[in-house]
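S.K.: This is the structure I have questions about; it appears just below.
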Amino acid sequence: MYEQHDAVLHAVREGVLIVGGDGRALLANDEARRLLKLPPEVEGRPIAELGLDPGLAELLASGQAATDEVHPAGDRLLAVNIRPTEPFGGGPGSVATIRDTTELRALAGQAEAARGRLQLLYDAGLRVGTTLDIVRTTQELVDVAVPRFADFATVELAEAVLRGDEPLPGTGDAGGPRIRRVAAAGIREDRPFYPVGSQISPQPGTPEATALGSGRAALVADLCQAHAWRARDPQTADRILAYGVHSLISTPLKARGRALGTVSFWRAGQSEPFGPEDVAFAEELIARAVICVDNARRYTRERRMAEALQRSLLPRGLPEQSALEAAYRYLPALHRVGGDWFDVIPLPGFRVALVVGDVVGHGLHAAATMGRLRTAVLNFATLDLPPDELLARLDELVARLDQGEAGEGDVEGQDEGEGELTVTGATCLYAIYDPVSGHCTMARAGHPPPTLVHVDGSVEFVDLPAGPPLGVGGLPFETTELQLAPGAVLVLYTDGLVTSRDRDLENGLATLRRSLANAHADASPEDLCRAVFDALAPPRPSDDIALLVARTQLLAPDQVATWDVPDDFAAVSLIRNACNDQLTAWDLEELTFTTELILSELVTNAIRYGTGPIRVRMLRDTSLVCEVSDGSSTAPHLRYADTTDEGGRGLFLVAQLAERWGTRYTARGKVIWAEQPLTAPEYQFEAMLL
């Protein structure tokens with residue numbers, strides 16, 4: 001039995017070492033001798049004299065229980081289990097079992113590294129691409145790679161990609177379009193690499209050029225041996241090597257077969273050099289991240305297109321006019337352009353229309369719809385419609401647009417409900433100011449109310465019925481009339497100014513009132529725009545903001561001349577004489593003949609075809625305007641008389657002599673007007689005969 005036990009003891013593939021109570025070795029099997037590299041004669045010798053690792057020797061001699069404690073023994077890692085023998089009926093001492101866990105530890109380390117890589121890929125999926133900003137997306141990529149995969153990481157992109165365009169052929173090649181460093185991260189801030197913003201031109205043989213040319217990651221395990229990399233910029237290369245950077249992987253950013261740029265991973269100091277397995281992981285990481293980078297590029301392109309469309313549809317400046325001193329601000333949304341717009345439209349008689357509108361939604365559709373509505377407002381304004389009637393016609397237009405675009409959902413191949421996403425909704429405020437009388441008429445369709453700053457500095461929101469938004473239909477729009485003193489300020493705006501994620505409408509309106517009230521009494525519209533934007537415009541607006549500030553002005557009394565006309569053809573000569581005297585007083589004698597002819601024809605038509613009362617008004621400002629009003633709503637029309645006709649040429653002559661002419665309707669009739677420049681054109685009558 002003893003021989004059998006002894007054979008089993010030496011045959012097992014686990015070391016067994018029996019230690020007496022005095023710390024001396026009593027028995028060691030063959031596996032224990034091999035693992036611990038014990039001398040031939042160990043029985044009776046103290047454990048401390050067997051040449052073991054001090055920690056392991058102390059543990060074996062202590063006799064204390066231990067479970068799977070790992071200790072080094074030469075180039076091996078041993079797992080040690082110790083149990084005292086006395087509790088089991090034996091004498092004082094202990095028995096230790098020893099297992100070799102070196103390979104198991106290596107496999108466990110590899111498994112742990114694999115789990116870490118998988119976790120890094122998972123985290124990259126969550127952390128990279130949280131926004132559609134190209135630079136921020138690349139910065140998120142390097143932040144997730146450092147320090148878990150590399151000590152430093154940098155990203156370079158083609159210039160065209162930063163603008164949202166497709167990368168040009170030959171990007172990164174020698175002599176081709178350069179790439180620009182857009183993101184960097186590292187375990188230390190004093191990085192020795194080119195700073196963000198630097199242009200990099202990969203030379204043949206450099207890791208970047210190799211990666212871009214082959215489409216695969218390029219590994220440089222020892223940068224000291226990378227001669228092409230060092231030759232490109234020896235001074236910078238020496239600085240990088242002196243910093244301790246020793247290994248590099250350069251990976252191309254490729255999307256749909258086009259190279260967007262490169263990502264470089266660097267290791268320094270005591271970190272292990274990159275190996276082939278790291279190359280495979282880098283390619284996997286970049287393959288996932290490049291989708292986010294390309295999505296951000298495409299979004300940047302779409303946003304630039306929408307912004308370009310939007311700005312091309314917005315007014316590029318304010319027209320010259322004397323009724324108002326105006327200023328404006330426009331701020332597009334940070335991520336998606338919207339459909340806000342504004343306009344200052346000169347009207348006949350030196351009147352001015354102020355318009356502010358807002359299309360619901362964002363993107364190309366909203367910008368295009370804004371352009372259509374702005375064009376419609378400009379066209380309706382040429383008809384000289386009152387504000388409520390103009391909004392009614394605009395409401396009908398929006399309703400027709402909604403019906404047409406909602407029907408597009410039935411087109412074959414379009415997803416169900418897609419047409420509903422493009423249905424238009426809009427708000428608008430339209431006001432007309434007359435600088436002769438100081439009279440202002442306005443109406444709004446679901447738009448925030450205008451703000452009025454009086455001459456004394458007091459601020460109020462105009463009590464203007466809201467009306468339904470454009471496209472809703474079913475309800476009429478109501479008009480409000482104001483009498484504005486010279487120097488009063490009208491403030492028109494879109495809801496993006498007073499509402500945001502952090503501010504409700506009530507607080508926004510209160511802040512707007514406060515910013516206007518705190519402004520100086522003599523502040524210009526430009527100063528008021530600046531004060532309002534400083535108080536209300538968010539740094540990262542989620543909606544477009546349009547602001548229009550206008551200070552009213554009045555024409556001087558000596559710029560206006562008015563006469564009542566009796567219902568008698570003999571009055572025509574009286575009007576001509578009065579016109580002659582007034583033009584002389586205005587130093588416009590050279591316009592006498594044409595003005596007398598225009599007024600004669602218009603007054604004659606009013607007496608012959610219109611109804612009383614008839615009134616003539618002349619206005620002098622940047623041009624000369626003649627107006628004849630009567631109580632009839634029948635508008636004259638221009639026609640070409642036959643050679644045998646004795647009449648019918650009056651309006652034709654007016655159209656030829658005047659720069660512009662037209663008709664506008666009032667509550668009690670109509671006004672026919674004609675506008676002339678203050679300087680008579682040379683050879684005017686000769687041109688009429690040609």
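The values are calculated or read from the model by the stated rules, or taken from the named source; none is laboratory data. Just so you know, these numbers come straight off a predicted model, no measurement behind them. All Cβ positions, even for glycine, are placed from backbone atoms using ideal geometry, and neighbour counts span all protein chains on display. These accessible areas exclude ligands, DNA and RNA; they are computed on the full protein's heavy atoms, side chains included. Shrake-Rupley method; radii C 1.70, N 1.55, O 1.52, S 1.80 Å.
S.K.: Please enumerate the residues belonging to segment 306-323 that are surrounded by fewer than 19 Cβ atoms within 10 Å (Cβ to Cβ), small (Gly, Ala, Ser) and not in a loop (DSSP other than H, G, I, E, B).
M.R.: Ala308, Ser312
S.K.: Further, regarding this structure: Looking at Asp564, Asp581, which is the one that is part of a helix (DSSP H, G or I), open to solvent by 70 Å² or more (accessible area, probe 1.4 Å) and out of contact with any Gly (no Cβ under 7 Å at 6 or more places or on another chain)? I'd like the intermediate steps shown before the answer.
M.R.: On the way: Asp564 fails: part of a helix (DSSP H, G or I).
Going through Asp564, Asp581 in turn, just one is part of a helix (DSSP H, G or I), open to solvent by 70 Å² or more (accessible area, probe 1.4 Å) and out of contact with any Gly (no Cβ under 7 Å at 6 or more places or on another chain): Asp581.
S.K.: Let me ask another. Quick one: count up the residues across segment 601-615 that are of a type in the set (A, V, I, L, M, F, W, C) and surrounded by fewer than 22 Cβ atoms within 10 Å (Cβ to Cβ).
M.R.: Here is the first cut: in segment 601-615, the ones of a type in the set (A, V, I, L, M, F, W, C) are 602-603, 606-607, 614.
From the residues that got through so far, the ones that are surrounded by fewer than 22 Cβ atoms within 10 Å (Cβ to Cβ) too are 607.
Looking only at that region, the number is 1.
S.K.: Next question. Mind checking which pairs have a first residue in segment 387-416 that is over 13 Å from Leu470 (Cα atoms) and of a type outside the set (A, V, I, L, M) and a second that is at pLDDT 60 or above and open to solvent by 40 Å² or more (accessible area, probe 1.4 Å), Cβ under 9 Å, 6 or more apart or different chains?
M.R.: Listed by first residue and then by second, the contacts come to Pro387/Thr479; Glu405/His365.
One line per residue, one yes/no per condition, for (1) touching a Gly at 6+ places or on another chain (Cβ under 6 Å); (2) open to solvent by 50 Å² or more (accessible area, probe 1.4 Å); (3) assigned to a loop (DSSP other than H, G, I, E, B):
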site	(1), (2), (3)
Asp238	no, yes, no
Leu241	no, no, no
Ser247	no, no, no
Thr251	no, no, no
Leu260	no, no, no
Phe265	no, no, no
Gln270	no, yes, yes
Glu277	no, yes, no
Glu283	no, no, no
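S.K.: Looking for whichever is modelled with pLDDT of 85 or more and in contact with a His (Cβ under 8 Å, 6 or more places away or on another chain) here; the options are Ala327, Ala282, Ala268. Which one fits? Quick ask: steps written out before the conclusion?
M.R.: Working: Ala327 fails: in contact with a His (Cβ under 8 Å, 6 or more places away or on another chain); Ala282 fails: in contact with a His (Cβ under 8 Å, 6 or more places away or on another chain).
The conditions single out Ala268.
S.K.: Being open to solvent by less than 60 Å² (accessible area, probe 1.4 Å) and part of a strand (DSSP E or B): is that true of Thr67 here?
M.R.: On the way: open to solvent by less than 60 Å² (accessible area, probe 1.4 Å): no; part of a strand (DSSP E or B): yes.
For Thr67, the condition - open to solvent by less than 60 Å² (accessible area, probe 1.4 Å) and part of a strand (DSSP E or B) - is not met.
S.K.: Further question on the same structure: Working only within segment 330-348, note down all residues that are touching a Lys or Arg at 6+ places or on another chain (Cβ under 8 Å) and of a type outside the set (A, V, I, L, M, F, W, C).
M.R.: Residues satisfying the conditions are His335, Arg336, Asp343, Pro348.
S.K.: Let me ask something else. Scan segment 457-479 residue by residue and report those that are closer than 23 Å to Leu397 by Cβ, open to solvent by less than 30 Å² (accessible area, probe 1.4 Å), aliphatic (A, V, I, L, M) and touching a Lys or Arg at 6+ places or on another chain (Cβ under 8 Å).
M.R.: Selection gives Leu464 alone.
S.K.: What residue, of Arg76, Arg83, is under 22 Å from Asp30 (Cβ atoms) and in contact (Cβ under 8 Å) with a residue 24 or more places away in the chain? Break it down into steps so the answer makes sense when it comes.
M.R.: Values: Arg83 fails: in contact (Cβ under 8 Å) with a residue 24 or more places away in the chain.
Going through Arg76, Arg83 in turn, just one is under 22 Å from Asp30 (Cβ atoms) and in contact (Cβ under 8 Å) with a residue 24 or more places away in the chain: Arg76.
S.K.: Which ones in segment 584-600 are aliphatic (A, V, I, L, M), open to solvent by 10 Å² or more (accessible area, probe 1.4 Å) and part of a helix (DSSP H, G or I)?
M.R.: The answer is Ala585, Leu597.
S.K.: Go through segment 535-561 and give me each residue that's farther than 17 Å from Val489 by Cβ and either of a type in the set (A, V, I, L, M) or part of a helix (DSSP H, G or I) (or both). Give the derivation first.
M.R.: Pass one, segment 535-561, residues farther than 17 Å from Val489 by Cβ: 537-545, 555-561.
Residues satisfying the conditions are Ala537, Ile545, Leu555, Ala556, Pro557, Asp558, Gln559, Val560, Ala561.
S.K.: Condition first: under 30 Å from the mean Cα position of the chain (by Cα) and over 19 Å from Asp388 (Cα atoms). Can you find one or more residues in segment 472-492 that meet it?
M.R.: Checked segment 472-492: at least one residue is under 30 Å from the mean Cα position of the chain (by Cα) and over 19 Å from Asp388 (Cα atoms).
S.K.: To continue, here is another question. Please work out if Val155 is of a type in the set (A, V, I, L, M, F, W, C), modelled with pLDDT of 90 or more and open to solvent by 30 Å² or more (accessible area, probe 1.4 Å). Steps first, answer last, please.
M.R.: Numbers: of a type in the set (A, V, I, L, M, F, W, C): yes; modelled with pLDDT of 90 or more: yes; open to solvent by 30 Å² or more (accessible area, probe 1.4 Å): no.
Here the answer is no, as Val155 does not meet what is asked.
S.K.: List the number of the failed condition for Gly650; all other conditions in (1) under 25 Å from Arg351 (Cα atoms); (2) surrounded by 15 or more Cβ atoms within 10 Å (Cβ to Cβ); (3) modelled with pLDDT under 85 hold.
M.R.: Gly650 satisfies every listed condition except (1).
S.K.: Let me ask something else about it. Having 1 or more residues that are open to solvent by 50 Å² or more (accessible area, probe 1.4 Å) and in contact with a Pro (Cβ under 6 Å, 6 or more places away or on another chain) is the bar; report the strands (runs of 3 or more DSSP E) wholly within segment 324-394 that clear it.
M.R.: Output list reads 324-331, 339-346.
S.K.: Now for a different question. Working only within segment 480-528, note down all residues that are open to solvent by 30 Å² or more (accessible area, probe 1.4 Å), modelled with pLDDT of 90 or more and in a strand (DSSP E or B).
M.R.: Residues satisfying the conditions are Glu481, Leu482, Gln483.
S.K.: Look through Leu56, Leu27 and report the one residue that is under 19 Å from Gly93 (Cβ atoms), in a strand (DSSP E or B) and open to solvent by less than 60 Å² (accessible area, probe 1.4 Å). So that I can check it myself, show each step before the final result.
M.R.: Working: Leu56 fails: in a strand (DSSP E or B).
One residue alone meets the criteria, Leu27.
S.K.: Additional query: Sort out which residues of segment 254-279 are of a type in the set (Gly, Ala, Ser) and under 18 Å from Pro207 (Cβ atoms), and write them in order of number.
M.R.: Taking segment 254-279 and keeping what is of a type in the set (Gly, Ala, Ser), we get 255, 257, 259, 261, 264, 268-269, 271, 275.
Result: Ala259, Gly261, Ser264, Ala268, Ser271, Gly275.
S.K.: If you don't mind, there's one more thing I want to ask. Pull out all pairs, ordered by first then second residue, where Cβ-Cβ is under 9 Å, the residues are six or more apart or on different chains, the first lies in segment 216-245 and is over 26 Å from Glu284 (Cβ atoms), and the second is aliphatic (A, V, I, L, M) and surrounded by fewer than 18 Cβ atoms within 10 Å (Cβ to Cβ).
M.R.: Final answer for the pair search is Cys224/Leu241; Arg230/Leu241; Ala237/Ala231.
S.K.: Here is a follow-up. Only residues that are open to solvent by 20 Å² or more (accessible area, probe 1.4 Å), part of a helix (DSSP H, G or I) and of a type in the set (A, V, I, L, M): list them for segment 213-236, please.
M.R.: Across segment 213-236, the qualifying residues are Ala228, Ala231.
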